[in-house]
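The values are calculated or read from the model by the stated rules, or taken from the named source; none is laboratory data. Treat the numbers as computed from the prediction; the structure is a model and nothing was measured. All Cβ positions, glycine included, derive from the backbone under ideal geometry; neighbour counts span all protein chains shown.
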Amino acid sequence: MNTKLVYLFVFLLFGASSFAQTAEKDSIKVISIEKFEKMADKKTNMVVDVRTPEEVAEGHLAGSLNINFLGENFAQEIETLDKKKTYLLYCRTGNKSRKAADLMEKAGFKHVYMLEGGITAWNEAGKPVEK
């Protein structure tokens, strides 16, 4: 009975360690609405809306560039961007922006951030959007 508990403990310990390593490998920087807003005010940073044009038409952040993550040319479009700049990504809830940020980092972009909760959280916080 004791050896079973020891094996269980060791299994749980290694499982937790493996999970922690996986979480550390996720290098996508998720930032709060407040930090996103402050960073978006800097002229050198670029805000990128990765939603579809139809979603963007419903409302978007002022001055944002739309690069449709679901579009067939997403990879080609990001290749035209300056990889040294800072990019602030958002989508509806964060799913597409996380995937887009991951692709951008794999393509060599060093400064990619995503808005926590996407434009949904932005709207819930009463922040302004354009139509």
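Check 54, 37, 24 and return the single one that is at pLDDT 95 or above, under 17 Å from the mean Cα position of the chain (by Cα) and part of a helix (DSSP H, G or I).
Numbers: 54 fails: under 17 Å from the mean Cα position of the chain (by Cα); 24 fails: at pLDDT 95 or above.
The unique qualifying residue is 37.
Could you list, in sequence order, the residues of the stretch 57-106 that are touching a helix residue (DSSP H, G or I) at 6+ places or on another chain (Cβ under 6 Å), of a type in the set (Ser, Thr, Tyr) and outside any strand (DSSP E or B)?
The answer is 93, and nothing else.
Within the stretch 101-121, the set of residues being touching a residue at least 12 places away in the same chain (Cβ under 8 Å), closer than 17 Å to residue 76 by Cβ and more than 12 Å from the chain's Cα centre (by Cα) comprises 107, 108, 109. Consider residue 47 carefully, then state whether it is hydrophobic (A, V, I, L, M, F, W, C), in contact with a helix residue (DSSP H, G or I) (Cβ under 6 Å, 6 or more places away or on another chain), surrounded by 12 or more Cβ atoms within 10 Å (Cβ to Cβ) and touching a residue at least 24 places away in the same chain (Cβ under 8 Å). In short, yes.
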